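First the structure, in the form of structure tokens, and then the observations on it.
The values are calculated or read from the model by the stated rules, or taken from the named source; none is laboratory data. Just so it is clear, the model here is predicted, and its values are computed rather than measured. Because the Cβ atoms are built from the backbone with ideal geometry, glycine has one as well, and the counts that use them run over all protein chains shown. Ligands, DNA and RNA are stripped out before the accessible areas are found, and what is left, the full protein with its side chains, is counted by its heavy atoms. Shrake-Rupley method; radii C 1.70, N 1.55, O 1.52, S 1.80 Å.
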Amino acid sequence: MSAVSLYARGVLHLSALLLAVLSMSVGALAQTKEPIRIGWLSSLTGPLSSAAIAENKGVQFAVEEINKSGGILGRPVELLTRDTAGEPTKAVNFANQLLHSEKVHFIIGPVNSGETLATVGVVAKTGTPNLIIGALESLTDPVKYPRAFRPIVTNGQWIKAANDYAVDTLKKQKIAIVGDTSGYGTASAKQAAEMLAKRGIKPVISLIIDANKADLNDEFSKMKAAGADVIMPWTAATSLLARMLNTRGDMQWDVPIVGHPALIALPVKPLLNKPEYWNNAFAAGYRSSTYDESGKLPARTVELMEKIKPSLGGSIDFTFWWVQLGYDCVKIIEHAVKTAGSTDPAAITKALNETKDLQGSYTSYSWTPQARDAFPNADVVMNVGGTFKEGSFQIAPSK
Amino acid sequence: MLTVIVYGLAIGSVYAATALVYNVMYSTSKVLSVSTGHVPMLGGIFGAFFIGQLNLPIVVGLVLAVAVAALFNYLTDVVAVRRVLARSDEHLWLLSTLAVATMISQTMALWWGTEPKPFPRLFPQDFSQGIADQKYWLPVAAAVICAVGLELFYRRTMYGKLFVATSEDAFAARARGINTDRVRSFSYVLAGALGGIAGFAAGQLTFAYFALGFSLTLNGFIAIAVGGLGSNLGAVIGGLALGMMSSFATYFFGGEYQQTVAIGILMLVLILKPEGLFGSKQVRPV
Amino acid sequence: MTERSRVTRIAMLLIGAVLLVVLPFLVRDQYQLHLAQLIGVYWILIAGLNLVVGYSGQLSVGHVGLLAVGAYAFAIIAGKYDIPPLLALAACGMIGGLCGFLLGLPSLRLPGFYFAMATLAFAVIVTEQSVAQTELTGGGVGLPVPGFNAPFDTPAGLYWLILAVAALITWLSWNVARLMWGRALIGVRDSEVAARSVGISIYRAKLIVFIFSGVTAGLAGGLFSSLQSYITPDTFVFELGLFFFTCIIIGGRGSIIGPFIGTIILTAIPEVVAPLARLGNFFYGFLLLVVVLLTPEGFGRLIQQVLARFSGKVNESKVVAPDPDLLRKALQGARN
């Protein structure tokens, strides 16, 4: 064989090889699209983890559902979960890890307000969009945290609904405020007193109680002596709320208790001395997880319940709105990415800022560049104690 | 006012019983285990589990719950204390018992849940009894039974005397042929049983709750420090004093100052009498 | 120490120093730099605490209270009152030292476990008051914390500030350990009676060391709060105090490099077990137990043993024999 033909053959082989490699890589590029990475900071262990665990169920279900139907814009969704155990230092560490090492496109959480206070600034520094699911007012701020959006209700909305119900519907004026010794408890008790003061009402007594105190007879004697005709607790501590209901029942004092949603949540039930102790108790809740006067739930809630019940073991025996919130967070991200056409943070922010009445399971969401708290006031309702059924509650009577 | 006193006595009894657990373990091993508070916690949780969830008869539930607590304490000895003592390094048992405490606390959080769960009613009684309610008097009764039982054990039985001998001078005891290792293991089992009884009795007061462990570790420690290490009477008095002082502090100053005031007063006691109210000055010829 | 091993030691120190200085350029991303900053801040506190726990043998588990005091002091002085941050940091150190003095004065007279309880009580009181005193500390909501001015306002800049403070503190504590002070302290730790019989003023030694540890805790607190950019009472839980104590024990008492390695390991473990989510804390306890049971002397001792094996020291027999000249001179001096 001549040198020329050898050379020609070599070139032919080489170019064939090159063509093959090129076509393979083009095909590979078309197939491997970068996944959408969502960082999820959740306090799965430690105190107040029941909310986080339920929200986690919603988040995971939504991610699975989206991936089963092909992902978002053809890209799979990757969920990176980090257990912060309720500690702000861990939350900050994991936030840094998710933002810088894992380079997530979104951060959901953390769940507890105390942790979120520490992380929201850290996330804001990197310009990553952050879905805030803590209730304290100062967690969103269009100027300080331009890419933070809150789908959950704010603490003030809970307090307003409860205050309005106690004063306007139940027609009570002598209010006893109870908070626990945690950061949330002390801050909320103060906020509740301030909001009442704006209406010209001064509470007759304000107590801060350690959540682990095993006996509340003294506190109740003090409240009775002060002439209280309604008790308003602002604590998420199950044992404290259960003991309040027990003490009230044991001393046979028929005063209404109106306050934090945890008051009528399922974990309280087994701790009650008698089931009727849950009567005459009302808590802030949501239209989406409330049975209306004819006993019906909103269609969107029923829809999600049917879809997710099998993966929850066939029954729903915890507060369902947590699941709805977790599910909606992922769906909000899906909506944002689809609207923006990419995961570019600036485009996402613009898409979220222009969101109006996005129909979710928990509520419908609207944000503007000035308002980052989506929850509409009209969707905050009052629920009755002792009416828990499959994750939702009965609506409180309006008279 | 009466309720303040009754509540103080009740919670003080739980602290006193925990202090007794500390004392029994300390006497034979010179170790103050971080996992001490978790023993009553286990007694409470397993009591609720066996009687409340498995619907076993109350006595059976009590025996099983106490057995679990005793077993846990025995394992603490085997895993965390025995090997560490052999190396005679002072602070290591603090870490090994801390590790054990973390593990059992996390296991309970994962299995039993992070929410407090109810403890069943042991004796039929209406709930409107006020201060005569069993949830106040069961812990007091348990503490009294534990303290008296312990004293009788030390004074009247042979094994009790072995305990005392080992705690006073381990070397001399060994020289007399006492197997100090076995005595120590048994003392841990006994301490575990005491803690289990206390936790079981206190279940209605505290609810069956995994976070009780660390809280009792701290408060039980304060109780024994005030009462004096090595003295059972001191443990009881210290526990009751702590319970009463917390109760009064909360009543007068409100929940935010509860721990500050209680600890502050106790620190005062320590400054004036460093070895605790009933502890003995550790004097050693050099 | 032979000339050769001394040169090796200095060389290793220099290499280590250079690596630490260029660390911001070596790490992969901001997260690792954040971890390095956190380790640095913890080390500042632990270096001082090391003298208390590792050298004079005092069981202090409540230093988290001093950290909290430093952190809130910085947030209030630099944040609310707008004092220049570096000045505020110095003030934090002084406040920490003052608290160390006030805490140590009554407590150091107590025997071992009671002293531990006193430090614990201090930490509990600090936490409770940081929630209760809402006007001062923001209560449950906490306080935002300002950063430092240029050139320390970038992550790398803050890292170098932390490194500078840490280097200074390490050098100070190394000197204390090396010179007579340190020897005295070890004597105090191992046998108080013997130490006293040689004329060492135990109480004064312990108190001065405790004050120093207060200063380092105050400085660490100020830097910590600036690093976190927001502090709440939840941050300063009792577990953190035990964490510091653990770093020293795992590193090995009586050395400086040991606790330093202990700090690095214990800060890194939670990050490693991060993907385990719910089981993470359980594994932290489990790992702690395994480490305690397998290397109870601490890593410092382990490394010393490894180094000794590699340096190939021959076991010289040291014969105790009199030096005739010196002896003659001494005898002649005594006769005159």
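Keeping to the stretch B:251-261, report how many residues are facing another protein chain (nearest Cβ under 7 Å) and either of a type in the set (A, V, I, L, M) or assigned to a helix (DSSP H, G or I) (or both).
Step one: filter the stretch B:251-261 for residues facing another protein chain (nearest Cβ under 7 Å), giving B:251, B:254-260.
Subsequent filtering for residues that are either of a type in the set (A, V, I, L, M) or assigned to a helix (DSSP H, G or I) (or both) retains B:251, B:255-260.
Within the stretch B:251-261, residues that are facing another protein chain (nearest Cβ under 7 Å) and either of a type in the set (A, V, I, L, M) or assigned to a helix (DSSP H, G or I) (or both) number 7.
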>> I need the full set of residues from the stretch A:212-239 which are closer than 15 Å to residue B:250 by Cβ and open to solvent by less than 20 Å² (accessible area, probe 1.4 Å), in order please.
In response: A:213, A:214, A:215, A:216, A:218, A:219, A:220, A:223
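For the stretch C:85-104: of the residues being out of contact with any Leu (no Cβ under 7 Å at 6 or more places or on another chain) and closer than 22 Å to residue B:271 by Cα, which is surrounded by the fewest Cβ atoms within 10 Å (Cβ to Cβ)? Steps first, please.
Quick first cut of the stretch C:85-104, residues out of contact with any Leu (no Cβ under 7 Å at 6 or more places or on another chain) only: C:85-88, C:90-91, C:94-95, C:97-98, C:101-103.
Retained after the next criterion (residues that are closer than 22 Å to residue B:271 by Cα): C:97-98, C:101-103.
Working: C:97: 22, C:98: 15, C:101: 15, C:102: 13, C:103: 23.
Within the stretch C:85-104, the match that is surrounded by the fewest Cβ atoms within 10 Å (Cβ to Cβ) is C:102.
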> What tally of residues in the stretch A:252-282 results from selecting those that are part of a loop (DSSP other than H, G, I, E, B) and either of a type in the set (Lys, Arg) or surrounded by 24 or more Cβ atoms within 10 Å (Cβ to Cβ) (or both)?
Replying inline: 3
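May I ask you to verify whether residue A:387 is among the polar types (S, T, N, Q), within 25 Å of residue A:131 (Cα to Cα) and open to solvent by less than 60 Å² (accessible area, probe 1.4 Å)? Please lay out each step first, then the result.
Working: among the polar types (S, T, N, Q): yes; within 25 Å of residue A:131 (Cα to Cα): no; open to solvent by less than 60 Å² (accessible area, probe 1.4 Å): yes.
Answer is no for this residue.
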>> Can you pull out every residue in the stretch A:171-189 that is away from chain C (no Cβ under 14 Å), open to solvent by less than 20 Å² (accessible area, probe 1.4 Å) and either out of contact with any strand residue (DSSP E or B) (no Cβ under 9 Å at 6 or more places or on another chain) or in contact (Cβ under 8 Å) with a residue 60 or more places away in the chain (or both)?
In response: A:178
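Looking at B:184, B:156, which one is within 30 Å of residue B:106 (Cβ to Cβ), among the basic types (Lys, Arg) and either open to solvent by less than 20 Å² (accessible area, probe 1.4 Å) or more than 14 Å from chain A (Cβ to nearest Cβ) (or both)? Steps first, answer last, please.
On the way: B:156 fails: within 30 Å of residue B:106 (Cβ to Cβ).
Matching residue, one of B:184, B:156: B:184.
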>> So, residue B:46, is that one surrounded by fewer than 24 Cβ atoms within 10 Å (Cβ to Cβ), among the hydrophobic types (A, V, I, L, M, F, W, C) and more than 25 Å from residue A:247 (Cα to Cα) or not?
In response: no
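Among the residues of the stretch A:327-354, write down those that are β-branched (Val, Ile, Thr), modelled with pLDDT of 90 or more and either in contact with a Leu (Cβ under 7 Å, 6 or more places away or on another chain) or in a loop (DSSP other than H, G, I, E, B) (or both). Break it down into steps so the answer makes sense when it comes.
As a first pass, look at the stretch A:327-354 and keep what is β-branched (Val, Ile, Thr): A:330, A:332-333, A:337, A:339, A:343, A:348-349.
Subset that is modelled with pLDDT of 90 or more: A:330, A:332-333, A:337, A:339, A:348-349.
Of everything in the stretch A:327-354, those that are β-branched (Val, Ile, Thr), modelled with pLDDT of 90 or more and either in contact with a Leu (Cβ under 7 Å, 6 or more places away or on another chain) or in a loop (DSSP other than H, G, I, E, B) (or both) turn out to be A:332, A:337.
Within the stretch C:121-135, which residues are among the hydrophobic types (A, V, I, L, M, F, W, C), over 11 Å from residue C:236 (Cβ atoms) and either at the interface with chain B (Cβ under 7 Å from one of its Cβ atoms) or not in a helix (DSSP H, G or I) (or both)? Walk me through how you get there before you give the answer.
Quick first cut of the stretch C:121-135, residues among the hydrophobic types (A, V, I, L, M, F, W, C) only: C:121-126, C:131-132.
Subsequent filtering for residues that are over 11 Å from residue C:236 (Cβ atoms) retains C:121-122, C:125, C:132.
Scanning the stretch C:121-135 gives C:121, C:125, C:132.
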>> Between B:198, B:223, which is at pLDDT 90 or above, closer than 16 Å to residue B:17 by Cβ and buried (at least 24 other Cβ atoms within 10 Å of the Cβ)?
In response: B:198
> Quick one: what pairs do we get from the stretch A:277-298, first residue under 26 Å from residue A:328 (Cα atoms), second among the aromatic types (Phe, Trp, Tyr) and buried (at least 23 other Cβ atoms within 10 Å of the Cβ), C-beta under 6 Å, 6+ apart or different chains?
Replying inline: A:285/A:393; A:286/A:321; A:288/A:362; A:289/A:320; A:289/A:321; A:290/A:393
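Any residue at all in the stretch C:48-55 that's within 14 Å of chain A (Cβ to nearest Cβ), at pLDDT 85 or above and within 17 Å of residue C:172 (Cβ to Cβ)? Before you say what the answer is, go through the steps one by one.
From the stretch C:48-55, those within 14 Å of chain A (Cβ to nearest Cβ) are none; that's our starting set.
No, the stretch C:48-55 contains no residue that is within 14 Å of chain A (Cβ to nearest Cβ), at pLDDT 85 or above and within 17 Å of residue C:172 (Cβ to Cβ).
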> In the stretch C:16-56, how many are among the hydroxyl-bearing types (Ser, Thr, Tyr) and within 11 Å of residue C:166 (Cβ to Cβ)?
Replying inline: 1
> Looking at the stretch B:96-112, which of the residues that are open to solvent by less than 20 Å² (accessible area, probe 1.4 Å) and over 20 Å from the mean Cα position of the chain (by Cα) is modelled with the highest pLDDT?
Replying inline: B:112
